[in-house]
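Just below is one structure, and these are the notes that go with it.
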Amino acid sequence: MIKAFRHTLLLVLSFVMALAVQGQITADPTNWTTELKKTGNNEYEVRVHLKLDEGWHIWSMNPGGDGLQIPPAVVLDKNPKITLVGKATEKGSKVSETMDGIDGIVHYYKHNVDYVQKIKVTGNTNIEGKYKYQVCNDNMCLPPKSKKFSLQITDATETAGADTGAQKKNDTVATTVDTAKAAAIVAATSTTDSSAKTATTKGEPKQQGEGNKSLLWLFLAALGGGIAAVLTPCVYSMIPITVSFFTKRSKTRAEGIRNAIYYSLSIILIFTILGVLISVLFGANALNNLSTNWIANLFFFVIFVIFGISFLGAFEITLPSSWTSKTDAKAGLSSFGGIFFMALTLVIVSFSCTGPIVGPLLVLAGKGGIAGPAIGMFGFSVGLALPFALFAVFPGMLNKLASSGGWLNQVKVVLGFLELMLALKFLSNADLAQGWRLLDREIFIALWVVLSVLLGFYLLGKLKLSHDDASPKNIYGQDYISIFRLFLAIASFSFAVYLLPGMWGAPLNGMSQFVPPLGTQDFVIGSGTGNNTGAGEHSTANSDIAPVKYVEEMRIYEPPVVKNLGLVTYFEYEEALAAAKKLHKPIMLDFTGINCVNCRKMESQVWSKPEVADRLKNDFIVASLYCDYDKKDLPKEQQYYSKALQADVVTVGDRNEDLQADKFGANSQPFYFFVDADGHKLAEGGYGYNPDVQRFVDHLEKVKAKYKELNP
C-alpha cells in the first residue's frame with residue numbers, strides 16, 4: 001500500500017514538473033496595493049505600492065539611458081472635484097548603472113517602489129485610476145499591463161468648485177509621466193543581478209559598480225573637454241598674461257604660486273557650483289529627459305549650428321560687456337574674493353570659446369543622474385584651471401609656451417567642424433522621434449563624410465577661411481604644414497573612408513550609437529536583390545501577397561543584421577502563412593520588441609553567424625511580430641477582448657501579443673516559435689533567449705526535419 005502511494009505521488013510530482021517545464025506563461029511578478037493618506041484640509045496623497053519578486057525590475061520615472069526606456073505611469077481619471085498637485089514622485093532603492101546595448105546610465109527599481117501623487121479635493125468623491133507598467137528580468141521582459149484601482153474619500157469638507165483653469169492645467173501635466181509615452185512599451189532590457197548593486201533607503205550610496213565607473217568616465221571626458229578648452233584663443237592667450245600678473249604683483253614667489261592656485265581653485269569652484277545648481281534646479285534626470293525630447297533636440301541643433309558657424313569665423317559670440325566690467329571692477333590680489341572675481345571674469349570673457357564645449361558636456365552629464373552635472377563641471381574646470389596652476393609653480397615653462405597666433409584660430413575651426421557634426425546628431429534624434437525621415441542614415445553619413453573631408457582639406461591648408469592667417473613658409477618659401485596637423489588630416493580622411501561603406505549598408509559598429517538605425521536606409525547592397533532564395537520575395541516574387549500598410553514604418557526598426565544578411569522579414573502572421581504556402585517553407589515566428597535589448601543580442605550574436613544566417617535565409621520564412629508596436633490601431637471592427645491577456649486588443653502590438661499568449665502560451669520576448677503554412681506547431685516548445693549558437697542551430701535542424709516529415 002505504501003509502495004503504491006509512493007508511486008502515485010511520484011507520478012503526480014512528475015506531472016506537475018512537466019507542466020512547469022512546458023508552461024511558458026510567466027506569472028506576473030508584481031504585487032500592487034493602493035492607499036489614500038490625508039495630509040491636510042482637503043489635501044491627500046494617493047499612494048501606490050509595488051512589490052517585485054526577486055530578480056525583476058521596473059524602470060524609474062526618469063529612466064535615463066538613450067531615451068528608449070519608457071517609464072511606468074499612474075494615471076488618475078479626470079474628476080471635477082480633484083486637482084493634481086505637481087507631478088507624482090517615486091521612492092525606493094533605485095539602481096543606477098550601465099547596461100549592454102543601452103547608451104548612458106539607466107535607472108530602475110528592484111524589490112519595492114512607491115509612487116505618490118498629491119491631490120486637492122473640493123468634497124467627498126471616488127478616485128478612479130490605473131497604473132501601466134512592464135517588468136523585466138535578466139532574460140526577458142513581460143508585455144505591458146494596465147490595472148485599474150479605485151479609492152474613496154469620505155472625510156473631505158465640501159467647498160466651492162475647483163478652479164477649472166487650474167484643473168485643466170493639471171490635466172495636461174498628466175500624472176506620473178507623459179501619458180502618450182506611458183501607453184508605449186517599456187524598453188526590454190537585460191541586467192545581471194550579481195553586478196547590480198542597489199542602494200538602501202537608509203541613505204547608502206545609490207551608485208555602485210558600473211554606476212561609479214560611468215561617472216568616472218564622465219569625469220575623464222569632462223577633464224578632456226576642459227583641456228581642449230585651454231587650446232581655444234579665448235583661454236590660451238590668457239595663460240601667460242594671468243600667470244605673469246600673479247608672479248610679478250606678488251611680494252614673494254610663494255605668494256604668487258598661492259594666488260595662482262587660488263585663481264585655479266576659483267575657476268573650479270565657479271563651474272562646480274554651476275553644475276550643482278543645474279542638478280538642484282532641474283532635478284536628477286531633467287537634463288537627460290530634455291536631451292531625449294524632440295523639441296529640445298531641435299533647439300540643441302540650432303544652438304550647435306550657431307556655435308559651429310561662429311567657430312568657423314562668421315561672427316563672434318560674446319556675453320554683455322557690462323558683465324565683464326562689473327566683475328573686473330571687483331578683481332584684485334587683496335583678498336580671495338578679489339581673485340575669485342578675476343576667475344569669474346575669465347569665465348565670462350571666454351564664454352564664446354568654452355560655451356560650445358560646455359554645451360555638449362551638459363548633455364552628456366545629464367545622463368549621470370543628480371551627480372552628473374556636478375561631476376561633469378568639476379572635471380571640465382580642473383582641465384581648464386590646470387595650466388594656470390602649473391605655469392605658476394613652474395614659471396620658466398612660460399618661455400617654452402607657443403606664442404599665440406594662427407594655430408589658435410585653426411583650433412577653433414576644427415572645433416567648428418566638430419560642432420556641426422554634433423549638431424546633426426541632435427537633428428537626427430528629433431527626426432527619429434517624430435518619424436519625419438528627413439535625415440535618413442545615408443544622408444546623415446553623407447553629411448559626416450563631407451564634413452570630415454572638408455576638415456581634412458582645411459588641415460592640409462587646401463581650404464582657406466576669411467580670417468585665416470597666411471600659411472607658414474619653409475626655408476624655400478613654400479607653404480608647409482606641421483606633422484601634428486598632417487596626422488590630424490590623416491585621421492579626418494580615415495574617418496571619412498571608414499564612414500563611406502555605411503552609405504551602402506555597412507553596419508559601422510564603432511559608430512552605431514551615433515548614426516541613425518539601418519532601418520532608415522533606403523538601399524543596402526546585397527539586400528533585396530533576389531539573388532538568394534528567400535531574399536527579395538517581399539517586393540517581387542511575393543507581389544501577390546499584399547504587404548501590411550505599416551511595413552515601411554516597421555522597416556525602420558529592423559535590426560542591422562537583417563539587412564546585412566539580405567534576410568526578408570514579414571510583420572503579419574497571416575502574411576507569413578501566405579508566403580509559406582507559396583514558397584513551401586516552415587515559418588519562424590519571431591516575437592520581438594522595438595526596444596528589446598535581448599532581441600537585438602540574439603540577432604547580433606546568433607542570427608549573424610553564418611551557420612544560422614544561411615538556414616534562416618534559405619530554409620525559413622521569418623515573421624518579426626513586434627509586441628510593443630502601438631503606432632497602428634486596428635480598425636474598430638477588428639478590435640476585440642482577449643481572454644489570454646484579459647485586456648482589450650486595440651493595436652497591432654496587442655494582436656501580436658495576444659497571438660503569442662493564446663496560441664503559444666508565452667508572454668515574453670524574445671521568443672521564437674516554428675509553424676508550417678497551416679499554423680501547425682513544428683516543435684513542442686519555443687526557443688527563448690539563449691545566445692548559444694550551436695543550440696539554436698540544433699533547434700532549427702529539428703524543425704526542418706519535422707517539416708519535411710509532415711511535408712514529404
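Taking G519 as meeting all but one of (1) modelled with pLDDT of 75 or more; (2) outside any loop (DSSP other than H, G, I, E, B), write down the number of the exception.
(1)
Just one of the numbered conditions (1) among the acidic types (D, E); (2) under 30 Å from Q605 (Cβ atoms); (3) modelled with pLDDT under 80 is not true of E158; which one?
All conditions pass for E158, except number (2).
Look through D53, D66 and report the one residue that is surrounded by fewer than 21 Cβ atoms within 10 Å (Cβ to Cβ) and modelled with pLDDT under 85.
D66
Quick one: which of L583, L565 is within 20 Å of Y707 (Cα to Cα) and either in contact with a Phe, Trp or Tyr (Cβ under 8 Å, 6 or more places away or on another chain) or at pLDDT 70 or above (or both)?
Numbers: L565 fails: within 20 Å of Y707 (Cα to Cα).
Being within 20 Å of Y707 (Cα to Cα) and either in contact with a Phe, Trp or Tyr (Cβ under 8 Å, 6 or more places away or on another chain) or at pLDDT 70 or above (or both) holds for just one of L583, L565, which is L583.
Given the structure, is F378 farther than 22 Å from D522 by Cα, over 20 Å from the mean Cα position of the chain (by Cα), at pLDDT 85 or above and of a type outside the set (D, E, K, R)? Walk me through it before giving the result.
Numbers: farther than 22 Å from D522 by Cα: yes; over 20 Å from the mean Cα position of the chain (by Cα): yes; at pLDDT 85 or above: yes; of a type outside the set (D, E, K, R): yes.
When the stated conditions are applied, F378 passes them.
Tell me whether region 366-374 contains one or more residues that are among the hydrophobic types (A, V, I, L, M, F, W, C), at pLDDT 75 or above, in the same structural domain as N259 (by TED's automatic domain parsing) and buried (at least 20 other Cβ atoms within 10 Å of the Cβ).
So in region 366-374, the residues among the hydrophobic types (A, V, I, L, M, F, W, C) come out as 370-371, 374.
From the residues that got through so far, the ones that are at pLDDT 75 or above too are 374.
From what is left, the residues that are in the same structural domain as N259 (by TED's automatic domain parsing) are 374.
Applying the additional criterion that residues be buried (at least 20 other Cβ atoms within 10 Å of the Cβ) yields 374.
Yes, region 366-374 contains a residue that is among the hydrophobic types (A, V, I, L, M, F, W, C), at pLDDT 75 or above, in the same structural domain as N259 (by TED's automatic domain parsing) and buried (at least 20 other Cβ atoms within 10 Å of the Cβ).
Hey, could you check region 594-631 for residues that are of a type in the set (D, E, K, R) and assigned to a loop (DSSP other than H, G, I, E, B) and say which is farthest from E709 (Cα to Cα)?
Looking at residues that are of a type in the set (D, E, K, R) and assigned to a loop (DSSP other than H, G, I, E, B), I get K631.
Does region 679-699 contain at least one residue that is under 21 Å from K581 (Cβ atoms) and in a helix (DSSP H, G or I)?
Step one: filter region 679-699 for residues under 21 Å from K581 (Cβ atoms), giving 679-683.
Those left that are additionally in a helix (DSSP H, G or I): none.
Checked region 679-699: no residue is under 21 Å from K581 (Cβ atoms) and in a helix (DSSP H, G or I).
Inspect all residues belonging to region 19-33 and state whether any of them is surrounded by 19 or more Cβ atoms within 10 Å (Cβ to Cβ), out of contact with any strand residue (DSSP E or B) (no Cβ under 6 Å at 6 or more places or on another chain), among the charged types (D, E, K, R) and at pLDDT below 85.
Of all residues in region 19-33, those surrounded by 19 or more Cβ atoms within 10 Å (Cβ to Cβ) come to none.
Within region 19-33 (the criterion being surrounded by 19 or more Cβ atoms within 10 Å (Cβ to Cβ), out of contact with any strand residue (DSSP E or B) (no Cβ under 6 Å at 6 or more places or on another chain), among the charged types (D, E, K, R) and at pLDDT below 85), the answer is no, since none of the residues qualifies.
Please identify the pairs in which a residue from region 677-699 that is on the phi > 0 side of the Ramachandran plot has its Cβ atom under 9 Å from the Cβ atom of a residue that is in a loop (DSSP other than H, G, I, E, B) and modelled with pLDDT under 85, counting only partners at least 6 apart or on another chain.
none
Any residue that is surrounded by 22 or more Cβ atoms within 10 Å (Cβ to Cβ), of a type in the set (V, I, T) and not in a strand (DSSP E or B) - is there at least one of those in region 586-593? Quick ask: steps written out before the conclusion?
Applying the first criterion (surrounded by 22 or more Cβ atoms within 10 Å (Cβ to Cβ)) to region 586-593 yields 586-593.
Filter once more, keeping what is of a type in the set (V, I, T): 587, 592.
Now narrow it down to the ones that are not in a strand (DSSP E or B): none.
The answer is no; no qualifying residue exists.
What are the pairs, 6+ residues apart or on separate chains, where a residue within region 54-82 that is more than 24 Å from V95 (Cα to Cα) has its Cβ under 6 Å from a residue that is modelled with pLDDT of 85 or more and hydrophobic (A, V, I, L, M, F, W, C)?
Pairs found: K81/V121; I82/I119; I82/V121.
Condition first: surrounded by fewer than 19 Cβ atoms within 10 Å (Cβ to Cβ) and either modelled with pLDDT of 90 or more or out of contact with any Lys or Arg (no Cβ under 9 Å at 6 or more places or on another chain) (or both). Now tell me which residues in region 129-155 satisfy that.
D138, N139, S150, L151, Q152, T154
Which of the residues belonging to region 674-692 are modelled with pLDDT of 90 or more and crowded, with 16+ Cβ neighbours inside 10 Å?
F674, V675, D676, A677, L682, Y687
Taking the criterion of being touching a residue at least 24 places away in the same chain (Cβ under 8 Å), within 24 Å of A683 (Cα to Cα) and touching a helix residue (DSSP H, G or I) at 6+ places or on another chain (Cβ under 9 Å), would at least one residue in region 645-657 satisfy it?
Within region 645-657 (the criterion being touching a residue at least 24 places away in the same chain (Cβ under 8 Å), within 24 Å of A683 (Cα to Cα) and touching a helix residue (DSSP H, G or I) at 6+ places or on another chain (Cβ under 9 Å)), the answer is yes, since at least one residue qualifies.
Can you tell me which condition R615 does not meet? The list is (1) closer than 28 Å to V135 by Cβ; (2) surrounded by fewer than 21 Cβ atoms within 10 Å (Cβ to Cβ), and all the others hold.
(1)
Can you report the number of residues in region 700-712 which are more than 38 Å from the chain's Cα centre (by Cα) and not in a loop (DSSP other than H, G, I, E, B)? Step through it out loud before you land on a result.
Residues of region 700-712 more than 38 Å from the chain's Cα centre (by Cα): 702, 704-712.
Then drop every residue that is not not in a loop (DSSP other than H, G, I, E, B), which leaves 702, 704-710.
Counting residues in region 700-712 that are more than 38 Å from the chain's Cα centre (by Cα) and not in a loop (DSSP other than H, G, I, E, B) gives 8.
Looking only at residues that are basic (K, R) and more than 33 Å from the chain's Cα centre (by Cα) in region 649-699, which one is farthest from K145 (Cα to Cα)? Even if it seems obvious, please write down each step before you answer.
First, the residues of region 649-699 that are basic (K, R): 655, 663, 681, 695.
Now narrow it down to the ones that are more than 33 Å from the chain's Cα centre (by Cα): 663, 681.
Numbers: K663: 19, K681: 27 Å.
The extreme case among them is K681.
Return yes or no: is Y476 modelled with pLDDT under 90 and either part of a loop (DSSP other than H, G, I, E, B) or of a type outside the set (A, V, I, L, M) (or both)? Spell out how you get there, then give the answer.
Values: modelled with pLDDT under 90: yes; either part of a loop (DSSP other than H, G, I, E, B) or of a type outside the set (A, V, I, L, M) (or both): yes.
Spelling it out, Y476 is indeed modelled with pLDDT under 90 and either part of a loop (DSSP other than H, G, I, E, B) or of a type outside the set (A, V, I, L, M) (or both).
The values are calculated or read from the model by the stated rules, or taken from the named source; none is laboratory data. All of these numbers come straight from a predicted model, not from anything done at the bench. Cβ coordinates were reconstructed from backbone atoms using ideal geometry, including for glycine residues, and neighbour counts include every protein chain displayed.
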